[in-house]
Amino acid sequence: MSITRRQFVAGSAMLGAAGLLDPALAQASLNQITIPSSGQRLPGIGIGCRNYRGGPGSEEMPVFRDTFATFHRLGGKIVDTSPNYGNSEEVIGNIMAELGIRDELWVATKVDRQNRRAGIERIEESFQLLRGEQFDLMQIHNLRGVDSVLPLLFEWKAQGRFRYVGVTTSSDRQYDELERVMSDQDLDFVQVDYSLGNRNAAERLLPLAQDRGMAVLVNLPFGRGRLFNAVGDRPLPDWADDIDATSWAQVFLKYVMSHPATPVPIPGTTKPHHAEDNVNAARGRLADGNLRREMEAFIDPLLA
Ligand SMILES: NC(=O)c1ccc[n+]([C@@H]2O[C@H](COP(=O)([O-])OP(=O)(O)OC[C@H]3O[C@@H](n4cnc5c(N)ncnc54)[C@H](OP(=O)(O)O)[C@@H]3O)[C@@H](O)[C@H]2O)c1
């Protein structure tokens, strides 16, 4: 008896959800991207972080922990945080240590200091809070400190303290400057805001990332929830079947993933069932150019 592609996608999602897959096997069952500067393969979905209400002693901490455990169990690997998100690094550091998964995750954080000395202090603090001797990715947050701290990041990359170096923004107002930095610097990664509801990064930044061989992380893939408000309780369109999407979140994430620059969305979530929903977006088919245009035509009137 042969199984269809749809049955295979649904089957591997169910096995993962039931915890029947080893995280390494679950990871291998997800769609992967390739980091151009190294050839490393990674699952095409990550998780973003925030300030966690109540901090380490919060009553909600078991739910936050379960969110990360779910993400990891289903094969998720990329975690994006920042010292700018309040207690995020402390909370994530604790959770990864409690779950014993620090070395199995691919951890990205940021620095936003304007001078080298302040940058060093800030990064050393991140090492302490997030634990471990190495980060996979260190990013200049919102381009703050590009001239003063980016050279330090390249030095520390050469020493093996970071595997990759990148720069982030989440604002159109910084796109011109980001374009300049991407043209001048040999970055491994850029992180930009890009979603079905905000496609400006696709005009120049994503093609430039492709030309320059830079991997792309995408923040705000749901427009901080604005896309969910736009669709409300509408049922999924028939074309969602064509990309194996079973939720609006998966539709929005698969739109991001289907750009030719192979961006990796890092949706922020504090809920285990959302982490599961989002990881499962990295399974099955993605939209082609025609369907991407249909998706855009669908959402635009709802956001107008
Ligand atoms: N400049 C920068 O470098 C920069 C700026 C902003 C963000 N970031 C990074 O990007 C990440 C994502 O940004 P974001 O969290 O602000 O915006 P987002 O990912 O666009 O939206 C997050 C919102 O979507 C909800 N959500 C998540 N998964 C869902 C699902 N499957 N179904 C329904 N709702 C869902 C979350 O609520 P629940 O918690 O209830 O799931 C939260 O309210 C951040 O965590 C951060 O790591 C970087």
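Determine the relative contact order of the chain: mean sequence separation of Cα pairs under 8 Å and six or more apart, normalised by residue count, in whole percent.
20
How would 271, 254 line up from fewest to most surrounding beta-carbon atoms within 10 angstrom?
Ranking 271, 254 by Cβ neighbours within 10 Å, fewest first, gives 271, 254.
Mind checking which lysines have their Cα closer than 23 Å to the Cα of residue 271? Skip sequence neighbours fewer than 8 apart in that chain.
Qualifying lysines at Cα under 23 Å: 77, 254.
Enumerate the whole-percent occupancy of each 10 Å bin, from 0 to the last occupied one, for all C-alpha pair distances of the range 100-254.
Taking every Cα pair in the range 100-254, the percentages come to 10, 34, 30, 19, 6, 0.
Compute a Gaussian network model of the chain, connecting alpha carbons closer than 10 Å, and tell me which residue from 132, 197, 46 fluctuates the most.
Sorting by GNM fluctuation, first place goes to 132.
Just report the Cα centroid separation between the range 218-295 and the range 132-179, whole Å.
Cα centroid to Cα centroid, the span is 27 Å.
What is the ratio of the Cα radius of gyration of the range 40-303 to 2.2 N^0.38 Å, where N is its residue count, to two decimals?
0.98
When the dipole is taken about the Cα centre of the range 40-303, and only Lys, Arg (+1) and Asp, Glu (-1) are charged at their Cβ, what size is it in debye, to the nearest 20?
Using Cβ point charges on Lys, Arg, Asp and Glu, the range 40-303 gives about 260 debye.
Mind checking which aspartates and glutamates have their C-alpha under 17 Å from residue 110, skipping anything on the same chain fewer than 8 residues away?
Within the straight-line limit of under 17 Å, residue 110 reaches these aspartates and glutamates: 80, 89, 90, 121, 124, 125, 133, 136, 147, 155, 188, 193.
Mind ranking 64-74, 274-284 by how tightly packed they are, going by the mean number of other C-beta atoms within 10 angstrom, highest first?
The densest-packed peptide leads the list: 274-284, 64-74.
Which of 153, 42 has the fewest other C-beta atoms within 10 Å, and how do the rest follow up to the most?
Lowest to highest Cβ neighbour count: 42, 153.
Over the range 161-236, how many percent of alpha carbon pairs lie in each 10 Å bin up to the one with the longest distance?
Going out from 0 Å in 10 Å bins, the range 161-236 shows 18, 47, 23, 10, 2 percent.
We did not get these values from a lab; they are worked out from the coordinates using the rules stated. The structure displayed is predicted, hence computed values, not measured ones. For neighbour counting, all protein chains shown are included, and Cβ atoms are generated from backbone atoms with ideal geometry for every residue, glycine included.
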